[in-house]
Amino acid sequence: MTNLVEINTATPDERSLTFMIYTKLEEIIKQFNEEVDLKNLPANAHIKNDVGLDSIEIMELIGVIEDEFDLEIPERAIRELQCIDQIVGYIEAKNSVVA
């Protein structure tokens, strides 16, 4: 399993977008759970079970992610974004389409 520590040790080219997204996502998640440390969680950590957010907090989290990353996440996609790596992958994919 990949976690943020492994991403931190990657070369700058390997980690640039992914690292920036993980870092920003950690800042956002800390707004809802100050105790969470993504560096100690696997990349596939579940938002509800591992991070400890409830359904309302998850919807608020998605809203903040949409604002911070300037994207709109359709309801169908929201249901599929259950883990940190899924969220990061979604943001990366949307950023690569825009770029």
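Could you give the length gained by full extension between ASN40 and GLU66, i.e. 0.36 nm per residue of separation minus their alpha carbon distance, to one decimal place? Gain in length upon complete extension: 6.9 nm. Bridgeable lysines around LYS24 (alpha carbons under 17 Å apart, same-chain partners fewer than 8 residues away excluded): LYS39, LYS94.
The amide H of CYS83, built 1.01 Å from its N in the peptide plane, has ILE47 as neighbours under 5 Å, considering only residues 5 or more places off or on other chains.
We did not get these values from a lab; they are worked out from the coordinates using the rules stated. Here the structure is a predicted model, which is why all the values come from computation and not from measurement.
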